[in-house]
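Peer 1: Just passing along the structure, written as structure tokens.
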Amino acid sequence: MKIYYGWYVVAVAMLFQAVTFGLGTYAFTFWVEHWMHAFDAGRGDVMWAITVFTIALGVMGPAAGWAFDRVSMRVLICLGGLSYAAGLALISVSTALWQIVAIYAVLLGLGFTLAGSLGGQALAAKWFRGKRGLAIGIVSLGSSLGGAVLPLLVTVLAREFDWRTAHQILAVFAALAIIPPAWLVIRNSPEAAGVVPDPESALSRQAAADGLHREWSYAEILRERTFWLIVLGILPPALAFAGFMANLGPYAADVGIPPALGASLMSVVAVAMVGSKLAVGTLSDRVDLRFVYWATAIPLMVAMAIMIGRPSYPAMLAVAACAGFTGGSHMALLGAMVGARFGAASFGKVAGLLMPFLTVSALGAVISGRVFDHFNSYDPALEIYMIGALVAAAGMFFLPTRKRTKA
């Protein structure tokens, strides 16, 4: 049986997300101590790099989403890979912390916007109809696979070389891993590649009947209640997860966990994200998305509760698994919610328009770092995150559902 070409596109999308996520959001925490010592800075100061990086994603997101619906995605993703590799190379020659912050905001921000989750999910939405939720979930696995493998590579490079040499090696790796595969495989849609599209499912046929495959205007999107419920549902857990990810390395060191075991915690996060994305990708085509959301929100609250105190390494393994499960599932849920309500024609536009609102999650890294600098404890930040997660879960009661039709 011939393999549908869309799955090759999905594989490449997984690859470029593995690189940009693995070397960006996952590996960042392992550079914090190096940069604190190199530039005589506090944790909160270093956290500005990942914060402005996430803010940049929100600023660039709407334009990128618009471009993904109109311009060659192959060109855009290759441009993203080039920008990302250039950013890593320039970090290696930085002489001040503000330069690293600027590189994260501009070059890494542009690279991640074009060759990250927005580009990957947009490709999945365009190439799949009946199995769109599954395809988006599988595409999202790339970030988790990168998080499982690349932090281990980063810690080895940092140990064997210095952080500057390590970034030079990673720059070459990023360029080779993203640009050639993207140029050779990616096409915008089945129609553009001359391929018969993925068959419609009962739900996607219903979506077409409801008029959800049309192109939405920006005004219509912003007037749509579902758009704002998605923001409410994703933002609080994203804020908590950003704070968790950026501070996991320093937090592990504070509770007496050595760096090698700290890297293993990040790998556990990534593996948990793999499982949650597969589960959400499968269920989102079959189950009410509200129930999926609630089932995946609970583990993060459990993780925050365990972290209030001084957990042991086994307890931190449970924390990493719970946080990773929620973090991974909500990445897939975001795409599923957008695809279910707005369809493929406006997927890039809607996902891009969500980015500025979701950039507030970048403050999680700074909030956690500043709270620790002030209180010498992360507990107040963890308590705030738990309250926010409860509010988001309550908001999902109002997410509209669509009647299902028989296949």
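Peer 1: Can you tell me how many residues within segment 56-98 are under 19 Å from A27 (Cβ atoms), in a helix (DSSP H, G or I) and β-branched (V, I, T)?
Peer 2: Here the count works out to 1.
Peer 1: Scanning for something in contact with a Lys or Arg (Cβ under 9 Å, 6 or more places away or on another chain), over 27 Å from T51 (Cβ atoms), at pLDDT 80 or above and open to solvent by 50 Å² or more (accessible area, probe 1.4 Å), does segment 394-405 turn up at least one residue?
Peer 2: Within segment 394-405, one or more residues are in contact with a Lys or Arg (Cβ under 9 Å, 6 or more places away or on another chain), over 27 Å from T51 (Cβ atoms), at pLDDT 80 or above and open to solvent by 50 Å² or more (accessible area, probe 1.4 Å).
Peer 1: Quick check on my filter: what residues within segment 19-41 are in a helix (DSSP H, G or I) and either over 24 Å from L239 (Cβ atoms) or among the charged types (D, E, K, R) (or both)?
Peer 2: Result: V19, E33, H34, H37, A38, F39.
Peer 1: Could you tell me whether A124 is aliphatic (A, V, I, L, M), under 19 Å from the mean Cα position of the chain (by Cα), open to solvent by less than 10 Å² (accessible area, probe 1.4 Å) and closer than 25 Å to M355 by Cβ?
Peer 2: When the stated conditions are applied, A124 passes them.
Peer 1: Right, here's the next one. Can you pull out every residue in segment 357-386 that is at pLDDT 80 or above, open to solvent by 10 Å² or more (accessible area, probe 1.4 Å), over 19 Å from V302 (Cα atoms) and part of a helix (DSSP H, G or I)?
Peer 2: Those that are at pLDDT 80 or above, open to solvent by 10 Å² or more (accessible area, probe 1.4 Å), over 19 Å from V302 (Cα atoms) and part of a helix (DSSP H, G or I): I367, R370, V371, F372, D373, H374, F375.
Here is a yes/no grid of residues against (1) open to solvent by 40 Å² or more (accessible area, probe 1.4 Å); (2) hydrophobic (A, V, I, L, M, F, W, C):
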site	(1), (2)
S276	no, no
T296	no, no
L300	no, yes
G309	yes, no
C322	no, yes
G339	no, no
L354	no, yes
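Peer 1: If you don't mind, there's one more thing I want to ask. Please work out if T165 is surrounded by fewer than 21 Cβ atoms within 10 Å (Cβ to Cβ), at pLDDT 85 or above and in contact with a Lys or Arg (Cβ under 8 Å, 6 or more places away or on another chain).
Peer 2: Answer is no for this residue.
For every residue, the table says whether it meets (1) β-branched (V, I, T); (2) more than 30 Å from D254 (Cα to Cα); (3) under 23 Å from the mean Cα position of the chain (by Cα).
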site	(1), (2), (3)
R43	no, no, yes
I50	yes, no, yes
I55	yes, no, yes
V59	yes, yes, yes
A64	no, yes, yes
M73	no, yes, yes
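Peer 1: Pick from V106, V149, V139: which is over 30 Å from L261 (Cβ atoms), at pLDDT below 90 and either open to solvent by less than 20 Å² (accessible area, probe 1.4 Å) or not in a loop (DSSP other than H, G, I, E, B) (or both)?
Peer 2: On the way: V106 fails: at pLDDT below 90; V149 fails: over 30 Å from L261 (Cβ atoms).
The match here is V139.
Peer 1: I need the full set of residues from segment 243-263 which are assigned to a helix (DSSP H, G or I) and open to solvent by less than 30 Å² (accessible area, probe 1.4 Å), in order please.
Peer 2: Within segment 243-263, G243, F244, M245, A246, N247, L248, G249, P250, Y251, A252, G262, A263 qualify.
The values are calculated or read from the model by the stated rules, or taken from the named source; none is laboratory data. It should be emphasised that the depicted structure is a prediction, and the values quoted were computed from it without experimental measurement. Cβ: placed from backbone, ideal geometry, glycine included. Neighbour counts: every protein chain shown. We work out accessible area using only protein heavy atoms, side chains counted, and drop any ligands, DNA or RNA first. Shrake-Rupley method; radii C 1.70, N 1.55, O 1.52, S 1.80 Å.
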